[in-house]
Amino acid sequence: MEKKAKGVLPPPLPVPPPSPLPPPRSAMPQPDVLVSVGSGDSEQDYAYHRVILSSISPVFDDLIVVDANGTSRIALPDKKPEDWELFWDTVGPHRLRTLNTDANIDPENAATLIPWFHQFRLVDFVAKCDGSLASCVQNGQIEWDKHRRAGESVNEHRSRLERRESDFNGLLHLLSFADTFDLEQTKIKIEKARAAEREVAANREIRNLKSSKENAKSAARRIISRVVYKYPEALFASLPSMRSMRNHGYPNETIDSFGRRQL
């Protein structure tokens with residue numbers, strides 16, 4: 001067996017020939033649809049891939065028109081570019097990949113987004129907006145009682161009526177909007193709020209009536225007590241005359257005046 005000389009390195013291993021380079025990847029296809037939003041000076045064009053638009057909603061396919069230059073175009077002249085950008089930021093592929101249908105939907109922008117979702121038949125997003133708007137409707141939002149309350153100044157009453165009118169108009173607008181786009185959660189919440197406030201107003205009216213009735217009874221008891229104990233003869237002496245006047249058709253005001261004069 002041969003001994004290797006000290007300090008001598010073994011011969012290098014053979015290097016394999018380089019493998020051929022993979023074929024170059026095909027370039028990313030260019031966007032093939034222009035979405036024109038707005039009209040006049042505010043019109044803006046956005047370029048997208050048709051396959052992406054179709055994956056979001058089949059309605060996009062129905063709106064595509066090929067112009068004289070052979071460009072596929074979707075025209076949305078009655079929409080605002082800023083609203084389109086909000087809509088696309090909510091439904092774009094970066095949102096769909098994460099199934100994040102809550103993105104950017106809140107009571108502030110739900111009314112703007114609902115017409116878009118309704119047009120493109122995105123029912124899940126419509127339901128999210130419906131729930132967001134319904135959460136804004138609270139019991140006590142509308143003051144149904146329009147009568148001046150005890151202890152309320154004229155200016156306070158006027159301010160409350162102005163606030164009531166503003167809140168009522170806003171609620172009617174929201175109800176009309178919910179009816180237009182079939183927002184069932186919002187409509188149910190508004191109807192519940194209206195029913196609750198009507199019940200509150202009715203209970204308040206009942207309490208006022210009971211209070212007025214009790215006050216009237218107390219006043220009557222005080223008067224009768226004063227008359228019976230202080231002027232019993234005059235009271236009972238006047239009763240036949242008052243009864244006779246009533247039988248002869250005298251007005252109540254005349255009879256009451258006669259009775260007071262007897263006392």
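Can you give the Kirkwood hydrodynamic radius of segment 30-90 from its Cα pairs, in Å with one decimal? In segment 30-90 this quantity evaluates to 11.8 Å.
Tell me, what is the FRET efficiency for Thr180 and His49 to the nearest 0.05, using R0 = 25 angstrom and their Cβ-Cβ distance as r? E between Thr180 and His49, to the nearest 0.05, is 0.15. The packing ranking of peptides 146-152, 172-178, 182-188, highest mean first, is 182-188, 172-178, 146-152, where packing means the average number of other beta carbon atoms within 10 angstrom of each residue. Applying 0.36 nm per residue to the separation of Glu82 and Ala111 and subtracting their alpha-carbon distance, the gain on full extension is 9.0 nm. With 23 Å as the limit on Cα-Cα distance, the pairs of Lys128/Lys189; Lys146/Lys210; Lys189/Lys210; Lys80/Lys187 that go past it are Lys189/Lys210; Lys80/Lys187.
Ranked from largest, the principal axis spans of the Cα set of segment 161-204 equal 35, 21, 8 Å. Near Lys187: Cβ cut-off under 14 Å, other residues only, Lys/Arg at +1 and Asp/Glu at -1. The net charge is -2.
None of the figures in this text is laboratory data; all of them are computed from the coordinates on show. Computed from a prediction, not measured in an experiment: that's the story for all the values here. Please note: Cβ atoms are built from the backbone with ideal geometry, for glycine as well, and neighbour counts cover all protein chains shown.
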